[in-house]
Amino acid sequence: YLDERKTPEGKPAPVAARHEIALLGHVYSKAIRWGIASSNPVRGLDYGERGGKRRKVELEEVQRLCELASERMRLAIDLAVSTGQRRGDLLSLTRDQLTDAGIVFKQSKTGAGVLIEWSDDLRAIVGRARAMSPQIPAEYLIRKANGKPYTGCGFSAIWQRLMAKYVAAGGQRFSFHDLRSVSADGAQTAEEARD
């Protein structure tokens, strides 16, 4: 199945095949728990070689992308680079998370609390976000023109349109998640990057 799975256009689809097999594995795990099946045929299966999903994005690439972006998208990009936080945590960022010490994030993935201390750049980015209209409601730092937060799907659509413009201008595609690595540039060790 991994070798034979194709898109409707007939192109190989190994990533889709891996996801579908993983889903089948979850279904069998539930079936075993419910007493409907006795074994999971997917367990121990070799999923084949996985390509590197992430690539190193250079700060110069981010700067070129920002030249094509709207102010709202530039704010999201700047916050991602300055804080290293995930998209969902940035889109749900509200003013009550801003403290005297910095920005307090509750990680949606792990539930851990993280304090990103203020820097001059971070203060300037948050100042731009606070100044953006509309001012009422302005609960969310990254907000649509009506003041409401972006949905994940809505934000993804805007990102994909921006990325299409960037690629048309000669850039190489990357994901919003890839911006997290830019915030760790210059770190000598993994621990220093994390901190």
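Can you name the number of the only condition in (1) within 22 Å of F155 (Cβ to Cβ); (2) loosely packed, with under 14 Cβ neighbours inside 10 Å that Y1 fails? Looking at each condition in turn, Y1 falls short on (1).
Scan S108, S82 and give me the residue that is hydroxyl-bearing (S, T, Y), under 19 Å from V57 (Cβ atoms) and either modelled with pLDDT of 95 or more or under 18 Å from the mean Cα position of the chain (by Cα) (or both).
S82
Within the stretch 153-164, residues that are under 14 Å from H177 (Cα atoms) sit with their Cβ atoms under 8 Å from residues that are open to solvent by 40 Å² or more (accessible area, probe 1.4 Å), at 6+ positions apart or across chains, in these pairs: F155/R87; M163/R173. Checked against (1) touching a residue at least 40 places away in the same chain (Cβ under 8 Å); (2) open to solvent by 100 Å² or more (accessible area, probe 1.4 Å), R33 meets all criteria but (1). Every condition in (1) open to solvent by less than 20 Å² (accessible area, probe 1.4 Å); (2) within 20 Å of S181 (Cα to Cα) holds for K109 except the one numbered (1). Of all residues in the stretch 76-128, those satisfying the criterion of being without any contact (Cβ under 8 Å) to a residue 60 or more places away in the chain, under 24 Å from C153 (Cα atoms) and assigned to a loop (DSSP other than H, G, I, E, B) are S92, L93, Q107, S108, K109, T110, G111.
The values are calculated or read from the model by the stated rules, or taken from the named source; none is laboratory data. Note that the structure is predicted; figures quoted are calculated from it, not measured. Glycine gets a Cβ as well: all are built from the backbone with ideal geometry, and neighbour counts include every protein chain shown. Keep in mind that these areas ignore ligands, DNA and RNA; they rest on the heavy atoms of the full protein, side chains included. Shrake-Rupley method; radii C 1.70, N 1.55, O 1.52, S 1.80 Å.
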